[in-house]
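Written below as structure tokens is the structure these notes are about.
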Amino acid sequence: MRIALLVTCLADTVMPQAARATVAVLERLGHEVVFPEAQTCCGQMHLNTGYLPEAAGLARRTAEVFADHEVIVAPSASCVGTIRHQYAQLAEETGDEDLARAAAELAPRVFELSELLVGVLGVTDVGAVMEARVAYHPTCHSLRVLRVGDGPRRLLEAVCGVEVVPFEDEEECCGFGGTFAVKNADTSAAMLADKMDRVRASGADVLCALDASCLMQIGGGLRRRGGGPRTAHLAEILASGPA
Amino acid sequence: MSRLAAWGPPFPAAAREALHDPQLRANLAAATATIRDRRAGAVGEVAEWEQLREEGRRIKARTLGDLDAMLERLERAVVARGGTVHWAPEAADAAAVVLDVARAHGADEVVKVKSLATDEIELNERLAAAGLRAIETDLAELICQLGGERSSHILVPAIHRNRGEIAALFRRTIAPGLDSDEPADIAEAARAHLREAFLRARVGVSGANFAVAETGTVCVVESEGNGRMCTTLPEALVTICGIEKLLPEWRDLEVFLQLLPRSATGERMSPYTSLWSGVAAGDGPREFHLVLLDNGRTDALADEVGREALACIRCSACLNICPVYRRTGGHAYGSVYPGPIGAILTPLLRGPGEADSLPYASSLCSACADVCPVKIDIPRILVHLRGRAVATSRPRAEGAAMRGLARVFADERRYARAQRLARRAQRIGARSGLMTRLPGPLAAWSADRELPEVAGETFREWWAGRGR
């Protein structure tokens with residue numbers, strides 16, 4: 001299958017290893033990955049901060065860049081959620097009928113990585129090997145917006161050597177929330193502190209999630225504190241092979 | 001113009017204060033987790049819960065879509081059963097009705113059922129200014145009143161206090177002899193204090209959980225029975241009811257009396273469900289006044305995205321699940337409506353340019369939308385109100401930064417250049433030690449987290465190199 005990568009501005013800039021791993025996993029499964037180089041940002045940050053006309057411009061641009069691609073994958077639940085569920089609202093709020101049409105046309109073609117692997121390609125064992133106790137943090141947008149279900153967990157459990165370890169209040173937000181993390185930095189940090197305590201108590205070696213943004217929040221907090229598990233995007237674990 | 005009251009500093013500053021109170025954090029975490037888990041159990045018992053939610057949403061949408069006709073129907077039904085209906089465009093109008101009724105009955109005090117509508121219009125303060133005493137009879141409201149505090153939760157107003165703190169407060173106020181902090185002893189002290197007030201009261205004041213247009217029936221659900229004392233013992237009863245509290249028909253109660261108790265307290269049914277229609281000879285108050293309160297609701301209704309918020313039945317499930325509320329508590333929201341629903345309801349009721357920090361008091365985690373018994377899409381309305389906040393207040397520095405970023409993202413070459421520039425700035429910053437004292441939003445981030453680094457090789461650089 002020919003699959004277009006929607007890298008997301010965040011993974012492109014600060015977590016390229018997650019995007020490279022996405023390419024590696026799909027290629028290993030025999031698929032062709034293409035990268036439309038005109039892509040930049042889906043507009044999520046502008047939209048969720050209230051800059052609706054600016055967000056609409058970026059949404060139109062994203063729809064245009066990916067117009068000719070039948071299957072699109074992103075290593076991010078929140079960017080896919082923005083495209084699939086929020087572009088329609090954005091079109092309505094800005095009275096942009098062209099965007100409404102483009103969004104409706106784009107939405108069914110965009111998938112978060114685990115959705116593509118499990119739901120579309122029907123794969124749970126991607127042939128990965130990694131010796132680690134993994135705590136899986138279901139990010140808010142994968143859990144409650146995309147409702148990816150147990151796909152990510154099944155992918156992880158199929159990795160040779162991975163043990164998925166539970167932790168308390170897994171489904172609670174890590175406190176990132178885009179500009180929330182700076183506009184309400186104290187509240188965000190309080191949410192993060194509880195998340196870190198719980199993750200550390202699990203005894204995991206690796207904290208895994210589907211979103212670079214949440215990994216940036218939790219990873220940034222863990223590095224500041226020192227100690228605790230390292231963070232890895234699901235794609236990185238799935239791309240790992242025998243040492 | 002008097003509107004829903006809001007007070008205190010913007011949310012981030014108010015939250016900061018609350019976050020630094022470890023006792024508050026502990027009280028909140030424990031209490032919200034208990035109610036949250038109890039709700040999950042009670043909801044899990046109902047196989048058709050999702051159909052019930054959908055039905056609740058549908059009934060509320062139908063009501064709000066035809067509100068003027070429904071209100072007139074309610075008025076006719078109440079009047080036909082011997083009640084009096086008052087229309088209150090604003091807070092002061094509603095308070096004036098209570099005052100008039102109290103004066104007509106020669107009362108210098110009123111007993112109150114727990115009611116958010118009366119908190120919203122600051123009824124106690126307005127009555128006090130006219131020399132009338134309002135006695136809160138809900139235990140938690142009484143605790144707040146005695147402590148001179150505002151409520152911090154829709155359903156559990158004193159959730160920020162633990163029993164030790166409450167026992168100490170009672171010793172200072174109504175029960176000097178109280179020598180225990182056992183819940184039963186605290187409740188007994190409150191009972192002794194309140195019983196006298198019930199027996200001498202001439203006027204009771206209540207809110208309404210529902211008002212049925214078809215029959216003119218008002219419904220109040222509660223746990224303690226003190227509300228029923230207030231609605232049955234006094235000779236006159238004034239009910240203050242937001243105009244969005246209507247249900248079209250009696251049979252609609254079937255849906256809401258399942259949705260509300262399970263969502264609110266995690267109970268199959270509330271211990272006390274009181275229903276009354278006008279006045280009944282020889283039973284209960286001889287006079288019944290229904291005050292239909294607007295206080296910004298008509299304006300909220302005119303907001304096509306926001307109007308859905310008026311479907312709220314004040315169960316508070318969204319508060320108990322909200323990771324923000326669970327850490328900051330209700331006072332940080334500066335409104336009688338805290339939590340996720342408050343973050344949309346307060347700015348909607350107050351109007352554009354008001355309470356603009358509240359729609360941002362959420363990480364948009366969507367946990368609220370999942371538990372809402374009438375399926376209010378709170379995250380969607382939060383984003384809508386953020387759009388409204390930016391459009392009305394036009395923040396200068398932030399606006400310039402956001403527009404600048406949008407320009408960068410509008411062209412992939414400009415964007416790639418910006419990535420390289422950020423990488424260079426970061427290297428210079430790291431060398432000079434500048435990264436430890438960053439300006440503006442970056443400082444807020446780096447107080448508790450390491451800054452993410454711009455990769456030595458971005459993905460697009462890697463991809464371009466790979467193709468060669």
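The values are calculated or read from the model by the stated rules, or taken from the named source; none is laboratory data. The model shown is predicted, which means the values in this text are computed figures rather than measured ones. Cβ: placed from backbone, ideal geometry, glycine included. Neighbour counts: every protein chain shown.
For region B:369-382, a residue qualifies if it is more than 8 Å from chain A (Cβ to nearest Cβ), out of contact with any Gly (no Cβ under 7 Å at 6 or more places or on another chain) and assigned to a helix (DSSP H, G or I), and the qualifying residues are B:Val371, B:Ile378, B:Pro379, B:Leu382.
From the list B:Val305, B:Val291, which one is surrounded by 19 or more Cβ atoms within 10 Å (Cβ to Cβ), within 14 Å of another protein chain (Cβ to nearest Cβ), in contact (Cβ under 8 Å) with a residue 60 or more places away in the chain and among the hydrophobic types (A, V, I, L, M, F, W, C)?
Working: B:Val291 fails: within 14 Å of another protein chain (Cβ to nearest Cβ).
After ruling out the rest, the residue left standing is B:Val305.
Could we say that B:Val238 is at pLDDT 95 or above and either out of contact with any Leu (no Cβ under 7 Å at 6 or more places or on another chain) or surrounded by fewer than 16 Cβ atoms within 10 Å (Cβ to Cβ) (or both) here?
Working: at pLDDT 95 or above: yes; either out of contact with any Leu (no Cβ under 7 Å at 6 or more places or on another chain) or surrounded by fewer than 16 Cβ atoms within 10 Å (Cβ to Cβ) (or both): yes.
So B:Val238 fits the description; yes.
Note on region B:242-259: residues that are buried (at least 18 other Cβ atoms within 10 Å of the Cβ), part of a helix (DSSP H, G or I) and of a type outside the set (Asp, Glu) amount to 8. The residue that is surrounded by the most Cβ atoms within 10 Å (Cβ to Cβ), counting only those in region A:214-243 that are under 11 Å from B:Leu451 (Cα atoms) and without any contact (Cβ under 8 Å) to a residue 12 or more places away in the chain, is A:Gly220.
B:Gly353 satisfies every condition listed in (1) part of a helix (DSSP H, G or I); (2) out of contact with any Pro (no Cβ under 8 Å at 6 or more places or on another chain); (3) surrounded by fewer than 24 Cβ atoms within 10 Å (Cβ to Cβ) except (1). Contact map, region A:191-206: first residue away from chain B (no Cβ under 12 Å), second residue among the hydrophobic types (A, V, I, L, M, F, W, C) and in a helix (DSSP H, G or I), Cβ cut-off under 9 Å, separation 6 or more or different chains; pairs are A:Val199/A:Ile218; A:Val199/A:Leu222; A:Arg200/A:Leu222; A:Val206/A:Ile237. Of the numbered criteria (1) surrounded by fewer than 16 Cβ atoms within 10 Å (Cβ to Cβ); (2) assigned to a strand (DSSP E or B), the one B:Arg62 fails is (2). Checked against the criterion of being surrounded by fewer than 16 Cβ atoms within 10 Å (Cβ to Cβ) and in the same structural domain as B:Pro248 (by TED's automatic domain parsing), the candidates B:Gly83, B:Gly106, B:Gly56, B:Gly44 yield just one match: B:Gly106. Would you be able to say whether some residue in region B:430-445 is at the interface with chain A (Cβ under 9 Å from one of its Cβ atoms) and either basic (Lys, Arg) or crowded, with 18+ Cβ neighbours inside 10 Å (or both)? Yes, there is a match, as at least one residue in region B:430-445 is at the interface with chain A (Cβ under 9 Å from one of its Cβ atoms) and either basic (Lys, Arg) or crowded, with 18+ Cβ neighbours inside 10 Å (or both). Please enumerate the residues belonging to region B:205-214 that are buried (at least 19 other Cβ atoms within 10 Å of the Cβ) and touching a Phe, Trp or Tyr at 6+ places or on another chain (Cβ under 9 Å). Matches in region B:205-214: B:Asn209, B:Phe210, B:Val212.
Among the residues of region A:159-186, how many are more than 7 Å from chain B (Cβ to nearest Cβ) and in a loop (DSSP other than H, G, I, E, B)? Break it down stepwise before answering.
Filtering region A:159-186 down to residues more than 7 Å from chain B (Cβ to nearest Cβ) leaves A:159-171, A:174, A:178-179.
Then drop every residue that is not in a loop (DSSP other than H, G, I, E, B), which leaves A:159, A:166-171, A:174, A:178-179.
Residues flagged as more than 7 Å from chain B (Cβ to nearest Cβ) and in a loop (DSSP other than H, G, I, E, B) within region A:159-186 amount to 10.
Only one residue in A:Ala59, A:Ala38 is touching a helix residue (DSSP H, G or I) at 6+ places or on another chain (Cβ under 8 Å), outside any helix (DSSP H, G or I) and not assigned by TED's automatic domain parsing to the domain that holds A:Ala235. Which one?
Details: A:Ala59 fails: outside any helix (DSSP H, G or I).
Exactly one of A:Ala59, A:Ala38 is touching a helix residue (DSSP H, G or I) at 6+ places or on another chain (Cβ under 8 Å), outside any helix (DSSP H, G or I) and not assigned by TED's automatic domain parsing to the domain that holds A:Ala235, namely A:Ala38.
Tell me, please, whether a residue that is closer than 23 Å to B:Glu287 by Cα, among the basic types (Lys, Arg) and touching a helix residue (DSSP H, G or I) at 6+ places or on another chain (Cβ under 6 Å) can be found in region B:108-128. Looking for residues that are closer than 23 Å to B:Glu287 by Cα, among the basic types (Lys, Arg) and touching a helix residue (DSSP H, G or I) at 6+ places or on another chain (Cβ under 6 Å), one finds at least one in region B:108-128, hence yes. Checked against (1) of a type outside the set (Phe, Trp, Tyr); (2) within 28 Å of B:Leu19 (Cα to Cα); (3) surrounded by 22 or more Cβ atoms within 10 Å (Cβ to Cβ), B:Ala94 passes all but a single condition, namely (2).
The single condition among (1) in a loop (DSSP other than H, G, I, E, B); (2) surrounded by fewer than 24 Cβ atoms within 10 Å (Cβ to Cβ); (3) within 14 Å of another protein chain (Cβ to nearest Cβ) that B:Leu364 does not meet is (2).
Using the structure shown, decide if A:Pro166 is at pLDDT 95 or above, outside the structural domain of A:Gln17 (by TED's automatic domain parsing) and either of a type in the set (S, T, N, Q) or over 24 Å from A:Asn48 (Cβ atoms) (or both). Reasoning before the result, please.
Numbers: at pLDDT 95 or above: yes; outside the structural domain of A:Gln17 (by TED's automatic domain parsing): yes; either of a type in the set (S, T, N, Q) or over 24 Å from A:Asn48 (Cβ atoms) (or both): yes.
Yes, satisfied.
Residues in region B:7-27 that are away from chain A (no Cβ under 11 Å), surrounded by 14 or more Cβ atoms within 10 Å (Cβ to Cβ) and part of a helix (DSSP H, G or I): B:Leu24, B:Asn27. Being of a type outside the set (Asp, Glu), modelled with pLDDT of 95 or more, crowded, with 23+ Cβ neighbours inside 10 Å and assigned to a helix (DSSP H, G or I) is not true of A:Ala193.
If you check B:Leu199 against the conditions, is it touching a residue at least 12 places away in the same chain (Cβ under 8 Å), of a type outside the set (Ser, Thr, Tyr) and buried (at least 16 other Cβ atoms within 10 Å of the Cβ)? Break it down into steps so the answer makes sense when it comes.
Values: touching a residue at least 12 places away in the same chain (Cβ under 8 Å): yes; of a type outside the set (Ser, Thr, Tyr): yes; buried (at least 16 other Cβ atoms within 10 Å of the Cβ): no.
So B:Leu199 does not fit the description; no.
Restricting to region B:383-416, what's the tally of residues that are at the interface with chain A (Cβ under 7 Å from one of its Cβ atoms) and not hydroxyl-bearing (Ser, Thr, Tyr)? The qualifying residues number 12.
Taken over region A:125-157, the criterion of being in contact with a helix residue (DSSP H, G or I) (Cβ under 9 Å, 6 or more places away or on another chain) and surrounded by fewer than 17 Cβ atoms within 10 Å (Cβ to Cβ) is satisfied by A:Asp125, A:Gly127, A:Gly149, A:Asp150, A:Arg154.
This table checks each residue for (1) under 28 Å from A:Val25 (Cα atoms); (2) outside any helix (DSSP H, G or I).
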| site | (1), (2) |
| --- | --- |
| A:Glu92 | no, no |
| A:Asp125 | yes, yes |
| A:Ala135 | yes, yes |
| A:Pro152 | yes, no |
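Taking the listed residues A:Val7, A:Val25, A:Val14, the one that is touching a strand residue (DSSP E or B) at 6+ places or on another chain (Cβ under 9 Å) and touching a residue at least 12 places away in the same chain (Cβ under 8 Å) is A:Val7, with no other qualifying. Based on this model, can you work out whether A:Cys79 counts as within 8 Å of chain B (Cβ to nearest Cβ) and surrounded by 18 or more Cβ atoms within 10 Å (Cβ to Cβ)? It is false that A:Cys79 is within 8 Å of chain B (Cβ to nearest Cβ) and surrounded by 18 or more Cβ atoms within 10 Å (Cβ to Cβ).
Scanning region B:311-328 for residues that are within 13 Å of chain A (Cβ to nearest Cβ) and either within 19 Å of B:Leu247 (Cα to Cα) or not in a helix (DSSP H, G or I) (or both) returns B:Cys322, B:Pro323, B:Val324.
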